[in-house]
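Okay, structure first, notes after.
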Amino acid sequence: MLKENFLWGGAIAANQFEGGYNEGGRGLATSDTKTNGSLTRKRKHSFLDEHNQIIYLHESEWISHQYQAVIDQDIYYPSHKAVDFYHCYKEDIALMAEMGFKCFRMSISWTRIFPQGNEEKPNEEGLKFYDQVFDECLKYGIEPVVTINHFDMPIYLAQHQDGWLSRQTIDCHLRYCQTLFERYKGKVKYWMTFNEINLLRGYATLGIHEMTPQKYYQALHHIFIASALTVQLGHQIDKNNQIGMMLANILTYPESCNPQDVALELNVSRRLKYLFADVQCRGYYPSYALKLMEKENIQLVKEESDDQILKNGCVDYIGFSYYNSGVVTTREDAGMALGNGVQMAHNPYLKESAWKWPIDPIGLRISLNLLWDRYQKPLFIVENGLGAEDHVEEDGSIHDDYRIDYMRDHIIEMKKAVEEDGVDLIGYTPWGCIDLVSAGTGEMKKRYGMIYVDMDDEGKGTLKRMKKDSFYWYQKVIQSHGEEL
Ligand code: P53
């Protein structure tokens, strides 16, 4: 059986869900300059070039330091309104309560609390907004689970100090955390430091112009230190706080039993996944990471106390996202498939979603076991789900049996990991429980929710919320504690 206090719920992130981007004294974040996109046309940020012309650049395209991120008034940016949780939170939380949620995973927008990121004093209006959200949750017995930083970077810090490349950003982050821990003490117990810490890359999440491997590892080091200090601070302020890491659980299989494929898979999973969890769960850089940096000629600038900080800042649990698995191969002529941002070979045993993400429920059981074996820390599935296009019938019903199938198959495997393998699991919060903007493509039509939001890729729609078939299905799942699937 799942634990009695197992946390069934759902998950969202501020920049994809909240909107109200210029209300309540909120400052701009890098995500506010991200345009919408489509499956083929990836999103871009808007910048001013040296002639004061607005240009659009993908974050992987290197940009010069003097380029300044700006907002083009003629263009639609999905984060600005998102699906307007800022104004709809009462209705949304009521719907989650109706589904029977025990918890709600959400993130706080850094620039709502510190508009520039580096102020001495927080913005009271921003703090009040989250007070209201948490109070509304607690009214229904819903436990808030808070991601402190979900793909969030104040534009000011990106522009003035290259975001996480600067050690000063650690202090800014800690002031933000201290404010949250003190203000929401007694209301929030479950925290996560950095969403998908192993997927933080270019401008949007790290705030860095002109990325290089050296800059990447230096910024990552600052984030590791910031996270470890956050864990310590959170425990000091309230010993009941449970502070976790958040890992994009990149699960890879070798394409064949050729030892070269197996060795490649080991290498890939270390580089893309284990490095991050090893540092945050064990409190030091694993030897393969040190060798990897040595090989790439990376010289980390560290302070003397850094090793001790990492050691004293191990996380309490591992939150992770799981959508799919991928296949790695040493075969040079392999056909490539896109899965979770990593280029990989096709898996002939699995079906794919419309966005070409392979669907692999057994991979969830494997992942739970791999993480439990390696770390012996409680696990929390904080993202899982199927991005799909939904069709609204004339009577307003939405028959999303494909989503129900996806979730059912994953919950079955999750239960096996707990009941047959003995994995310690805190809860399950499927992604985008209410439809939201896709992080990868900026689309609205890539929907994950059990609640539909009337809004299209251009931001047009009434924002009306409608229950999909999966709403009633998940309600029963929670009610029966995962027995009725
Ligand atoms: P979308 C890429 C690969 C794996 C997970 O993703 C990812 C991403 C970013 O696109 O992000 C996580 O919206 C993330 C969420 C995101 C969700 O997965 O591209 O934590 O913010 O929305 C799903 O379909």
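The values are calculated or read from the model by the stated rules, or taken from the named source; none is laboratory data. Please read these numbers as outputs of a predicted model, since none were measured by experiment. No Cβ is skipped: glycine too gets one built from the backbone with ideal geometry, and neighbour counts run over all protein chains shown. For accessibility, only protein heavy atoms count, side chains too; no ligands or nucleic acids. Shrake-Rupley method; radii C 1.70, N 1.55, O 1.52, S 1.80 Å.
In table form, for the structure just shown:
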{"quantity": "Matching residues, region 37-53, being in contact (Cβ under 8 Å) with a residue 12 or more places away in the chain and either surrounded by 14 or more Cβ atoms within 10 Å (Cβ to Cβ) or under 23 Å from LYS446 (Cα atoms) (or both)", "calculated": "GLY37, SER38, LEU39, LYS42, ARG43, LYS44, HIS45, SER46, PHE47, LEU48, ASP49"}
{"quantity": "So MET211, is it at negative phi, crowded, with 24+ Cβ neighbours inside 10 Å, of a type outside the set (Gly, Ala, Ser) and not in a helix (DSSP H, G or I)", "calculated": "no"}
{"quantity": "Some residue of region 456-467 being in contact with a helix residue (DSSP H, G or I) (Cβ under 9 Å, 6 or more places away or on another chain), within 16 Å of the ligand (Cβ to nearest atom) and within 24 Å of PHE151 (Cβ to Cβ)", "calculated": "yes"}
{"quantity": "Residue in region 344-358 that is among the acidic types (Asp, Glu) and more than 16 Å from the ligand (Cβ to nearest atom) present", "calculated": "no"}
{"quantity": "Residue ID - surrounded by the most Cβ atoms within 10 Å (Cβ to Cβ), chosen from residues in region 256-273 that are within 17 Å of TYR216 (Cα to Cα) and modelled with pLDDT of 95 or more", "calculated": "LYS273"}
{"quantity": "Single condition TYR253 does not satisfy, out of (1) farther than 28 Å from LYS121 by Cα; (2) away from the ligand (no atom under 16 Å from the Cβ); (3) in a helix (DSSP H, G or I)", "calculated": "(3)"}
{"quantity": "Restricting region 189-199 to residues that are open to solvent by less than 10 Å² (accessible area, probe 1.4 Å) and of a type outside the set (Phe, Trp, Tyr), the residue that is nearest to the ligand (Cβ to nearest atom)", "calculated": "ASN195"}
{"quantity": "For TYR402: the one exception among (1) open to solvent by 40 Å² or more (accessible area, probe 1.4 Å); (2) away from the ligand (no atom under 16 Å from the Cβ)", "calculated": "(2)"}
{"quantity": "Some residue of region 233-242 being at pLDDT 95 or above, in a strand (DSSP E or B) and either surrounded by fewer than 18 Cβ atoms within 10 Å (Cβ to Cβ) or in contact with a strand residue (DSSP E or B) (Cβ under 6 Å, 6 or more places away or on another chain) (or both)", "calculated": "yes"}
{"quantity": "Residue tally, condition within 16 Å of the ligand (Cβ to nearest atom) and modelled with pLDDT under 75, over region 317-340", "calculated": "5"}
{"quantity": "Residue match in region 372-382 (condition: crowded, with 23+ Cβ neighbours inside 10 Å, within 13 Å of the ligand (Cβ to nearest atom) and either touching a residue at least 40 places away in the same chain (Cβ under 8 Å) or closer than 16 Å to PHE320 by Cα (or both))", "calculated": "yes"}
{"quantity": "Verdict on LYS42 being away from the ligand (no atom under 16 Å from the Cβ), in a loop (DSSP other than H, G, I, E, B) and out of contact with any Asp or Glu (no Cβ under 7 Å at 6 or more places or on another chain)", "calculated": "no"}
{"quantity": "The lone exception for GLY461 - which of (1) within 30 Å of LYS415 (Cβ to Cβ); (2) open to solvent by 10 Å² or more (accessible area, probe 1.4 Å); (3) assigned to a loop (DSSP other than H, G, I, E, B) it fails", "calculated": "(1)"}
{"quantity": "Qualifying position, being among the hydrophobic types (A, V, I, L, M, F, W, C), on the phi < 0 side of the Ramachandran plot and at pLDDT below 90, among ILE71, ILE63", "calculated": "ILE63"}
{"quantity": "Any strands (runs of 3 or more DSSP E) falling wholly within region 270-386 and containing at least 1 residues that are of a type in the set (Asp, Glu)", "calculated": "379-383"}
{"quantity": "Unmet criterion (only one of (1) open to solvent by less than 50 Å² (accessible area, probe 1.4 Å); (2) in contact (Cβ under 8 Å) with a residue 40 or more places away in the chain; (3) away from the ligand (no atom under 16 Å from the Cβ)) for PRO286", "calculated": "(2)"}
{"quantity": "Enumeration of residues in region 222-280 that are hydroxyl-bearing (Ser, Thr, Tyr) and within 22 Å of GLY319 (Cβ to Cβ)", "calculated": "SER227, THR230, THR252, SER269, TYR274"}
{"quantity": "Residue within region 406-424 that is of a type outside the set (S, T, N, Q), within 16 Å of the ligand (Cβ to nearest atom) and in a loop (DSSP other than H, G, I, E, B) present", "calculated": "no"}
{"quantity": "Odd one out for GLU394, checked against (1) away from the ligand (no atom under 13 Å from the Cβ); (2) touching a strand residue (DSSP E or B) at 6+ places or on another chain (Cβ under 8 Å)", "calculated": "(2)"}
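Rundown of residues vs (1) surrounded by 16 or more Cβ atoms within 10 Å (Cβ to Cβ); (2) touching a helix residue (DSSP H, G or I) at 6+ places or on another chain (Cβ under 9 Å); (3) in a helix (DSSP H, G or I); (4) at pLDDT 95 or above, yes/no style:
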position: TYR76; (1), (2), (3), (4): no, no, no, no
position: HIS87; (1), (2), (3), (4): no, no, yes, yes
position: ALA94; (1), (2), (3), (4): no, yes, yes, yes
position: ASN118; (1), (2), (3), (4): yes, yes, no, yes
position: PHE134; (1), (2), (3), (4): yes, no, yes, yes
position: LEU138; (1), (2), (3), (4): no, no, yes, yes
position: VAL145; (1), (2), (3), (4): yes, no, no, yes
